[in-house]
There are 2 protein chains.
Amino acid sequence: MKKSILIQSGQSRDIHFALENGAGSDAVHSTPVYAYAVCSLQTDSQLEGVGLALTLGAGNKLVCDAIDYLVQHIEGKEINELMADFGTTYKKMADDPNLRWLGPHKGVVHLALASVVNACFDLWAKSRCQPLWQLLIELSPEELVNTMDFSYFEDILPREEAITLIKSQAAGRESRLGILKDGYPGYDTSIGWFNYTDEQVTRNIKKSIDQGFTALKLKVGSRNATRDIRRAELVRKAAGPDATIMLDANQQWNLPKAMATCRQLLAIDPFWIEEPTHPDDIQAHVSLAKEVSIPIALGEHVPNKIMFKNFIQSGCMSYNQVDAVRVGGVSEFLLISLLSRKYNVPIVPHVGDMGQIHQHLVLFNHISLGHPAILLEHIPHLKDYFKFPAQVMDGKYITPGEPGLSADFKEFVLEKKVLSQ
Amino acid sequence: MKKSILIQSGQSRDIHFALENGAGSDAVHSTPVYAYAVCSLQTDSQLEGVGLALTLGAGNKLVCDAIDYLVQHIEGKEINELMADFGTTYKKMADDPNLRWLGPHKGVVHLALASVVNACFDLWAKSRCQPLWQLLIELSPEELVNTMDFSYFEDILPREEAITLIKSQAAGRESRLGILKDGYPGYDTSIGWFNYTDEQVTRNIKKSIDQGFTALKLKVGSRNATRDIRRAELVRKAAGPDATIMLDANQQWNLPKAMATCRQLLAIDPFWIEEPTHPDDIQAHVSLAKEVSIPIALGEHVPNKIMFKNFIQSGCMSYNQVDAVRVGGVSEFLLISLLSRKYNVPIVPHVGDMGQIHQHLVLFNHISLGHPAILLEHIPHLKDYFKFPAQVMDGKYITPGEPGLSADFKEFVLEKKVLSQ
């Protein structure tokens, strides 16, 4: 049922979460602070739209300031009217002449756009009293593409082709609905943060497998390749020959080093190497993919649909890790998912949102677009702060039932600025 | 002579310049406001280091806030010690863990880095009482590369190869010093802003040619290709068959439209088409270059050395328009100039600084790196505000003599926030 709701005003909130004992550490960030640039939409009803963008630390304030500027574009709009042609508003915000020079379509202003866009989708789903996944799978192909901006996709995925692509997936849809009951398989990122000792990693693997996970990720990207190789062998040994093991270098290698280290890491039969080098260096990824037969996962730092278009066209991307709190929110995530489907590149999102929003999006991707239900990253460190934290049981995400996209925080979180575990 | 100077503190300044009567307008920005995020370094001497980054409008404040954060990295440093190994400090700033997630190496945080880096080079040159071009051409190859960060260039231009490249250009250097006396040729961007009427454009062309310019730029990128073609023909007719005419679409076309319109624009024999489509879309530029025999100029919105590396490797870039107030300042500009020299792609900078800093950099590029002295963009709209405005006579830049990189503003500019022409 559609309910008319007016967006009266929007504000940012700058929330920081201190992590402890090495959690969240990678080859680039030794002592990370997870921070959310939250967009909160006040309405003429009880409902609040809540969107997120993730950053790590003090720079979060810049994204909040950009949110406070961007919300002007949606204040005073009725949510159903807004979302009926959201692609147009999206383009206006993405090309705002006061901010466009600061990108275009990347960095602080695009992260702010993500948060605002996500708040709109949250409010839209709440206004219908539906979880986001349900809203998305019930929209018609035309209603779906109306939420997207196809600018610069005319040569690769024009609007009409996108509609045809969605329609073509109707066939197997019924059988794919089973995922709602079965649960979407998760993988555990938190066994092997960069600063964890070998002993911690071994303990975490046992715990993780006991909890039902069969896929685990280890942070690599040391200056010293010996450490990476030793730890990768340790994880393979502790997790057993059947476990799915991902390795994540967090952009730390240059191309020669990526080639040399990846060749050695092949011995542990990794499922993928993630972010082996700089996220803008498409040609380096192409060279690595040609030289070493290791699947490459990337996307966590790819800023927008144009860069994804180039990565997908280049053929180097085995797994697409687009993140709806990095690109321009749910709208751009959906468009990138469509393009990725056309080229048969599976989506395995990076979860800057700790999986809260992405648990909805992967259900849509599987059910409506026919993407394979491979894996969704699981990071539990912030679960005590979300009102409806993602639930994982036996290594699978339980389908969320609450209205919206599950980004609401508990009340006490909003009263503080920095929270510790 | 080296003089010891301590950087005591750094602050940003947020300065806006209102433009009037269509000046500065393009296919994306109908009523631009030029804004500078200025980095000002206070020292224990009378000297002040001044750096710039350009933005257009309200978002400038975000860059200023990022400058105020980044200057922590250089406060308390002695300028000669800092610049002796500036590549290391550059990398620390570019990878600051509190800001890196907001890029990496692009958008607000990278524009802020540009301003800070430029202020360091300004202070360095002032401390030696030399204009920047002179400082740069007198540095040894080793001193030069020490100002740069070669991360992710190991596969394409390692440090040692860069030194060899600079040394290899010593041969013709003496004869190239003549440019200092002759003046560096300029081209006139201001004849054909997007909102200028046909009559204004015709008048401007006459005035420009009378002033000695032989190269002129017209803004295209209309929704309606007919307008672009009519105006391009008008410029060719008014400027004559020998004039060099550049066309600038400011990213406004998608690939099919770029192909169709560029084919038609070939009739006026353009020197280049500038920014024909989205600046992140390397593959679209490659396709356009293959399909239409029109030279492509781009770089004004290419954020960093990694993206330049990919554009240069792809072979689609005929002219490299790297801008030292877009990429990470003079340091990254020099590194990109080196790579561009290796691949024989001429540098014709976009002048977000109105040519103030770039008049120094093109002299260095020509004299020390052997880049051809093709053309330097000239935009006069802010000349009343700079302390030492770039001087152009008979269509040529007169070699600047004042110490530093010529980014100082007149006193009255610093007292206001918004200035009108």
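At-a-glance table
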item	result
Neighbouring partner chain Cβ atoms per residue of A:308-315, average, 10 Å criterion	3
Base-10 log of normalised Debye intensity for region B:90-207 (one unit scatterer per alpha-carbon) at q = 0.12 Å⁻¹	-0.76
For the protein assembly as shown: accessible area per residue (Å², 1.4 Å)	33
Burial of 40 Å² or greater, region A:141-166 residues [accessible area, probe 1.4 Å, versus chain by itself]	A:TYR152, A:GLU154, A:ASP155
Spin-label pair A:ALA84/B:LYS206, simplified geometry with 7 Å Cα→Cβ offset, distance in nm	5.4
Stokes-Einstein diffusion coefficient of chain B, Kirkwood radius over Cα pairs, 10 °C, 1.306 mPa s, in µm²/s	74
Peptide B:52-60 - average C-beta neighbours from other chains (10 Å radius)	5
Span-rule helices in chain A, defined as complete DSSP H runs reaching 27 Å or more along the axis (Cα) with Kyte mean at least -1.0	A:107-127
Estimated [θ] at 222 nm from DSSP helical runs (n ≥ 4, -39500 (n - 2.57)) normalised by residues in chain A, nearest 500	-11500 deg cm²/dmol
Accessible area (Å², 1.4 Å probe, nearest 10) - A:TYR36	0
Dimensionless Rg over Rh [region B:280-421; C-alpha; Kirkwood]	1.01
Given A:LYS217/A:LYS417; B:LYS219/B:LYS417; A:LYS290/B:LYS167, the pairs whose alpha carbons are separated by over 32 Å	A:LYS290/B:LYS167
Threshold 30 Å², region A:86-125 residues less accessible with all protein chains present than alone (1.4 Å probe)	A:PRO97, A:ASN98, A:ARG100, A:TRP101, A:LEU102, A:PRO104, A:LYS106, A:GLY107, A:VAL108
Pseudo-label separations to other copies for B:GLN211 - Cα-to-Cβ vector, 7 Å, nm	6.7
Accessible surface ranking that places the most exposed of A:GLU377, B:GLU81 first, with a 1.4 angstrom probe	B:GLU81, A:GLU377
Residues of region A:362-406 with amide N under 13 Å of the 7 Å Cα→Cβ point at A:ASN21	A:381
Where the Cα pairs of region A:173-409 fall when distances are cut into 5 Å bins, in %	1, 7, 15, 18, 20, 18, 13, 7, 2, 0
Relative contact order (%) - criterion: Cα under 8 Å, at least six apart; region: region B:173-409	22
Residues A:ASN195 and B:THR197, FRET efficiency given R0 of 56 Å [Cβ-Cβ distance, rounded to 0.05]	0.30
For B:ASN195, label point 7 Å along C-beta direction: distances to other copies, nm	5.2
Over the protein assembly as shown, equivalent-ellipsoid semi-axes from the Cα gyration tensor in Å	44, 31, 26
Normalised contact order of chain A, rounded percent, pairs of Cα under 8 Å and 6 or more residues apart	20
Distant-in-sequence amide H partners of A:TYR34 (H built 1.01 Å from N, under 5 Å)	A:PHE17, A:LEU19
Solvent-accessible area buried by pairing A with B, both sides, nearest 100 square angstrom, 1.4 angstrom probe	4600
Charge dipole magnitude, Cβ of K and R +1, D and E -1 - the protein assembly as shown, Cα centre, debye nearest 20	720
Protection proxy ranking of A:393-400, B:369-376, B:214-221 - average other beta-carbon atoms within 10 Å, highest first	B:214-221, B:369-376, A:393-400
Residue and distance (whole Å) for the chain B Cβ nearest the axis that superposes B on A	B:GLY107, 1
Whole-Å semi-axes of the ellipsoid equivalent to region B:143-207 (Cα gyration tensor, √5λ, descending)	41, 20, 8
Whole-angstrom gap from region A:215-280 to region B:152-183, using each part's C-alpha centre	39
Inter-copy separations for B:GLU138, label at 7 Å along Cα-Cβ, nm, ascending	7.5
FRET E, pair A:MET393, B:GLU75, Förster distance 45 Å, beta-carbon r, rounded to 0.05	0.30
Under the Debye formula (equal points on every Cα, no solvent term), log10 I(q)/I(0) of region A:21-72 at q = 0.17, 0.18, 0.30 Å⁻¹	-0.63, -0.67, -1.12
Heavy-atom accessible area, 1.4 Å probe, ligands and nucleic acids excluded: residues of region A:260-306 down by at least 40 Å² from chain alone	A:HIS278, A:ASP280, A:ASP281, A:GLN283, A:HIS301, A:ILE306
Within the accessible area of region B:173-409 (1.4 Å probe), percent carbon and sulfur	50
Average beta-carbon neighbours from other chains, 10 Å sphere, peptide A:66-72	1
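The values are calculated or read from the model by the stated rules, or taken from the named source; none is laboratory data. From a predicted model like this one, the values you see are computed outputs, not experimental measurements. Positions of Cβ are backbone-derived with ideal geometry, glycine not excepted, and every protein chain shown enters the neighbour counts. The accessibility values were calculated without ligands, DNA or RNA, using every heavy atom of the protein model including side chains. Shrake-Rupley method; radii C 1.70, N 1.55, O 1.52, S 1.80 Å.
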